[in-house]
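Okay, so here's the structure we're looking at.
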Amino acid sequence: MGNSNIDFDVQPMTFKKILVAVDEDDSSSSRKAFCYAVTLANSYKVPLGIVTILETDDLSVYDSLQPDVIEGRRQEMESAVNLYVQKAKDFGVDEVEGFLGEGKPGKKIVRETIPQFEPDLLVCGSETQDKSSIFIGSQASYMSQNAPCSVIVVR
């Protein structure tokens, strides 16, 4: 077994567009993923997309029948995404775009946000603090297996 298969030149890797998934309950791994994505987008001087998904599955039947409850959650999430967008801009990222979705996070991000934003890198956290709403844990696994782009899972 020679080492001929490792005889190649190292090519620098760069990304043209980065998407970061942030958790609606703002877990620590989600914050780390955000910081990682912002740092990369800033150093590569590339656009950054920030997505969060309202998980409608974790609403009670009663809440899901109350338009005010859902609308309230949507508004909270929209202002959270806007805050993330502002934080990224304050850090020095020039082009930042926020995305909101509803449903199963992994599926929504892979099927809707990625085709819309067309990133070549998706960054997500590995877990949530609040185990009652599984946002990224199993979702990170789903996205890394199904996303058409590279995926970095941050612990």
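Values in this text are rule-based calculations from the coordinates and carry no lab data. Just so you know, these numbers come straight off a predicted model, no measurement behind them. Don't worry about glycine lacking a Cβ; one is built from the backbone with ideal geometry, like all the others, and counts go over all protein chains shown.
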- Task: Would you mind checking which residues have amide H under 5 Å from G98's amide H? H placed 1.01 Å from N; only 5 or more apart, or other chain.
- Result: I50
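Expressed in nm to one decimal, what extension gain is obtained for the pair E71 and S144 from 0.36 nm per residue of sequence separation less their Cα-Cα distance? Walk me through the numbers before you get to the answer.
On the way: separation 73, 0.36 × 73 = 26.28 nm, distance 3.04 nm.
In short, 23.2 nm is gained.
Net charge near P115: determine it from the other residues with C-beta under 15 Å of the C-beta of P115, scoring Lys and Arg +1 and Asp and Glu -1. Before the final figure, lay out the partial values.
Working: positive: K17, K107, K108, R111; negative: E97, E112, E118, D120.
Local net charge: 0.
Most exposed first by the Cβ proxy, i.e. fewest other Cβ within 10 Å, how do D94, D9, D23 rank? Each step should come with its number before you reach the end.
Values: D94 12, D9 4, D23 27.
Starting with the residue having the fewest Cβ neighbours, the order is D9, D94, D23.
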- Please give the residues of the stretch 77-105, grouped as numeric ranges, whose backbone N is less than 14 Å from a label point set 7 Å along the Cα-to-Cβ vector of Q116. 78, 81-82, 97-105
- Item | In Hz, Karplus ³J(HN,Hα) per residue of the stretch 108-114 (6.51, -1.76, 1.60; θ = phi - 60°; x = Gly, Pro) | 4, 5, 5, 8, 10, 5, 4
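Among I6, I114, I53, I152, which comes first, then next, by fewest other beta-carbon atoms within 10 Å?
Working: I6 6, I114 22, I53 25, I152 17.
The most exposed by this proxy come first: I6, I152, I114, I53.
Would you mind ranking C149, C124 so that the residue whose beta carbon has the fewest other beta carbons within 10 Å leads the list? Walk me through the intermediate numbers first.
Values: C149 17, C124 30.
Final ranking by Cβ density, sparse to dense: C149, C124.
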- Note on the structure: Spelling it out for S126: with amide H atoms placed in the peptide plane at 1.01 Å from N, the residues 5 or more places away or on another chain with amide H under 5 Å from its amide H are V154
